[in-house]
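Here the structure is laid out as structure tokens; the discussion comes afterwards.
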Amino acid sequence: MEQQTIIKVQNLSKKFGSFEAVKDVSFTVNKGDVFGFLGPNGAGKSTTIRCLLSLISPDSGTIELFDKSLQKNRSQILANIGSIIEKPDFYKYLSAQKNLEIFARISGATVSKKEILEMLDFVGLGDRAKHKVKGFSHGMKQRLGIAQTLLHKPELIILDEPTTGLDPQGIIEIRNLILRLKNEQNKTILLSSHQLSEIELIANRMVIINQGRSLVEGSVEELLNSEETVVRIEIDSVEAAIQFIQSKFNPQEISQISSKELEVLISKKRVPDLTKELVLAGFTIHAIEPKRKLEDYFIKTIQS
């Protein structure tokens, strides 16, 4: 069964004076994707998103959403998109419920009070519906922002760096909420972020951009090659351990990181045997941990 395309960007470019913010960006988002839009600061992510939302016009290239040209069908397309760009803004002396009621009227959406309370409950703010927003934490405001994006029941949600400035618990809450948007509400989500480990946990497809250009696009699992992992080992005798691992396991890559640490690229299923054999050979292992594969892949891609 052929997948439905929700976003199709081809050869997008945008200049601000002599500065080329976006030079050549192309990617495709399919229905039901949590799509990671990755790149370092200044890569062109926010500029591309502003083009997608028709906040600015590209100099060249094409944008299609829901199989329609954005240029020719702007109002119809934007009515089916919810977005958070930077941090959401609210009337801080009004309650969460009253804010959503006002934004619903502004957007022209017909939303009952019951539906608004259900949206607040969905984002974990059901018990704070009557509370003034001025007392909300940054994470609570982000979740209220996501509730706001749902008011007109859009099919596509665009989130630009939604976890910036959040503590670890806040990041987990937003991550879980994004997954619920996909799994329970069947939303398609474009997620711009440089929180690479978070993208690895929730995205099924991604594109990496740098210096205004698309570098690589595809399935997260395929790009990261889930059968292999980089393992960092803190051990008592690094040079001897490297010789032992090379002779016993013939790894694809192995290197000394410091006087007490080495890294080895090896199949995931061989890691338990690696640990066991090192211990049996008399080595003292102080720590062993997998590195964040997406971060390694990301750094390797933007430096190549």
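Just so you know, all these numbers are worked out from the coordinates, no wet-lab data involved. Everything numeric here is computed off the predicted structure, so don't read it as measured data. Cβ coordinates were reconstructed from backbone atoms using ideal geometry, including for glycine residues, and neighbour counts include every protein chain displayed.
3J(HN,Hα) along the range 264-279, derived from phi through the Karplus expression 6.51 cos²θ - 1.76 cosθ + 1.60 where θ = phi - 60°, amounts to 9, 8, 8, 4, 3, 5, 8, 4, x, 5, 4, 4, 4, 5, 5, 5 Hz, with x in place of Gly and Pro.
Entry note, the chain: relative contact order of 20 percent, from Cα contacts under 8 Å with a spacing of 6+ residues.
Within the shell defined by Cβ-Cβ distances under 9 Å, the residues around K8 carry a net charge of -2, with Lys and Arg each +1 and Asp and Glu each -1.
Charge tally around V22: other residues with Cβ under 13 Å, Lys/Arg +1 each, Asp/Glu -1 each, net +3.
Among the listed pairs K31/K68; K269/K300; K248/K269, which have their C-alpha atoms separated by more than 20 angstrom in this model? Long pairs (Cα-Cα over 20 Å): K269/K300. Computed over the range 1-135, relative contact order equals 21 percent, with contacts defined as Cα pairs under 8 Å that lie 6+ residues apart. At q = 0.22 Å⁻¹ the log10 of I(q)/I(0) for the range 141-282 amounts to -1.26, computed by Debye summation with a single uniform scatterer per C-alpha, solvent ignored. With both residues required to sit in the chain, DSSP beta bridges show an antiparallel share near 65%.
If r is the Cβ-Cβ distance from E234 to S197 and R0 is 22 Å, what FRET efficiency results, to the nearest 0.05? So the FRET efficiency works out to roughly 0.60. Distances between placed amide hydrogens fall under 5 Å for N73 paired with no residue 5 or more residues away or on another chain. The stretch between Q10 and K68 holds 19.5 nm of extra length on full extension. This uses 0.36 nm per residue minus the Cα-Cα distance. Taking packing as the residue-averaged number of other Cβ atoms within 10 angstrom, the listed peptides 162-171, 275-284, 198-207, 81-90 run from highest to lowest as 198-207, 81-90, 162-171, 275-284. For the chain, a Gaussian network of Cα nodes joined below 10 Å ranks R180, R270, R74 by mean-square fluctuation, and the top entry is R270.
Multiply the residue separation of Q256 and I285 by 0.36 nm, subtract the distance between their alpha-carbon atoms, and state the gained length in nm to one decimal. Going from the current span to full extension adds 9.0 nm. Peptides 250-257, 43-50, 137-144, 237-244 ranked from most to least packed give 43-50, 137-144, 237-244, 250-257, packing being the mean of other C-beta atoms within 10 angstrom over each peptide's residues.
What residue among E173, E64, E261 has the largest mean-square fluctuation in a Gaussian network model of the chain, using Cα springs under 10 Å? Of E173, E64, E261, the most mobile in the Gaussian network model is E261. Under the simplified labelling scheme, the E184-Q303 pair shows an inter-label distance of 4.1 nm, with each label point 7 Å from Cα along Cα→Cβ. Amide H contacts of I157 (H built 1.01 Å from N, in plane; Pro and chain starts excluded): G82, T188, I189, L190 sit under 5 Å, all sequence-distant by 5 or more or on other chains. Close amide H partners of E228, meaning residues 5 or more places away or on another chain with modelled amide H under 5 Å apart, are K268. Taking a sphere under 9 Å around the Cβ of Q256 and counting the other residues whose Cβ falls inside, with K and R at +1 and D and E at -1, yields a net charge of -3. Comparing the range 228-303 with the 2.2 N^0.38 Å rule of thumb, its C-alpha radius of gyration ratio is 1.07 (two decimals). Sequentially through the range 50-58, phi angles give Karplus couplings (6.51, -1.76, 1.60; θ = phi - 60°) of 5, 5, 4, 8, 6, 7, 9, 9, x Hz, Gly and Pro residues having no value and appearing as x. Cα convex hull, the chain: 173 Å³ per residue, rounded to a whole number. Which of the trypsin sites (Lys or Arg not before Pro) found in the range 81-124 are in a DSSP loop and have at most 16 neighbouring Cβ atoms, other than their own, within 10 Å? Taking the range 81-124 and a limit of 16 other Cβ atoms within 10 Å, the loop trypsin sites (Lys or Arg not before Pro) found are K92.
Pairs of alpha-carbon atoms within less than 8 angstrom and 6+ residues apart define the contacts here; what relative contact order does the range 163-304 have, in percent?
Reported as a whole number, the value is 23 percent.
Phi-derived couplings, Karplus 6.51 cos²θ - 1.76 cosθ + 1.60 at θ = phi - 60°, listed residue by residue for the range 26-40: 9, 6, 10, 10, 9, 4, x, 6, 9, 9, x, 10, 10, x, x Hz, with x used for Gly and Pro.
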